[in-house]
Amino acid sequence: MHGCEKPIKKADWLGLLTFGFFLLFFGIIWIATPNLKEQVKSFFTLENWQLTEAAGKIVFPEPKHNYPILYTAAMQFCLIFGVFHVFILALRIFFHEPMDKIGGTVSGIVFWLSISFFFNILANKTIGWFGFLAGLIISVGLSIIISNIIKLVKFNP
């Protein structure tokens, strides 16, 4: 049975650190942002949503009102979490972690910072809800592309 044994996986301590920071910072933003609870409640009520024609005869749900406090809090969270990922990236490089972990962290940086940008311009009413959804799709796409490019590239230290 020596050939059938699975290798033991190491715990991803930096991943756990990142998750802990996610929870910590979410809690801090929740407590520190005035009226955030009310904005979140209002945002998620059924009365807040309407079906709007996005393109041609395609309809999507859209909030009836703007929620700048909610969008700004989300922007701040995403910005700080993206910057935190830069710190995690430095630690992953320092500890010579595998390229898939480094690629995942760079992907996280790209996603969190780009979605922060889109939350910012949504809060400032530079774009509307559908522009934000397009920004979310762009952020996810960029994140996937960057992650896979890094995983494909062979670095020779």
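Only the coordinates and a few stated rules stand behind these numbers; no lab work does. Everything numeric here is computed off the predicted structure, so don't read it as measured data. Cβ: placed from backbone, ideal geometry, glycine included. Neighbour counts: every protein chain shown.
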Exercise. Using label points projected 7 Å from each Cα along Cα→Cβ, tell me how many nm separate Ile121 and Leu46, to one decimal.
Key: 3.5 nm
Quiz item: Is the shape of the stretch 1-84 best called rounded, prolate or oblate, per the rule: a/c under 1.5 gives rounded, else a/b larger than b/c gives prolate, else oblate, with a ≥ b ≥ c the square roots of the Cα gyration tensor eigenvalues?
Solution: oblate
Quiz item: Any idea what the relative contact order of the chain is, in percent, if you count C-alpha pairs under 8 Å spaced at least 6 apart?
Solution: 21 percent
Self-check item: Overall form of the stretch 13-152 per C-alpha gyration tensor (a/c, 1.5; a/b vs b/c)
Solution: oblate
Quiz item: With each run of n ≥ 4 DSSP H residues scored as -39500 (n - 2.57), what mean residue ellipticity at 222 nm is computed for the chain after dividing by its residue count and rounding to the nearest 500 deg cm²/dmol?
Solution: -23000 deg cm²/dmol
Practice problem: Taking 7 Å along the Cα-to-C-beta vector as the label spot, tell me the Ala55-Ala134 distance in nanometres, rounded to one decimal. | Solution: 0.9 nm
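Taking 0.36 nm per residue of separation and subtracting the Cα-Cα distance, what length does fully extending Asp12 through Lys37 add?
Full extension of this stretch gives 5.7 nm more.
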Self-check item: Loop sites in the stretch 1-100: chymotrypsin sites (Phe, Trp or Tyr not before Pro), DSSP, at most 15 other Cβ within 10 Å
Solution: Phe44, Phe95
Quiz item: Taking the alpha-carbon centroid of each part, what is the distance from the stretch 50-72 to the stretch 96-139 in angstrom?
Solution: 19 Å
Self-check item: Full-extension gain in nm, Ile28 to Ala90, via 0.36 nm per residue minus C-alpha separation
Solution: 19.9 nm
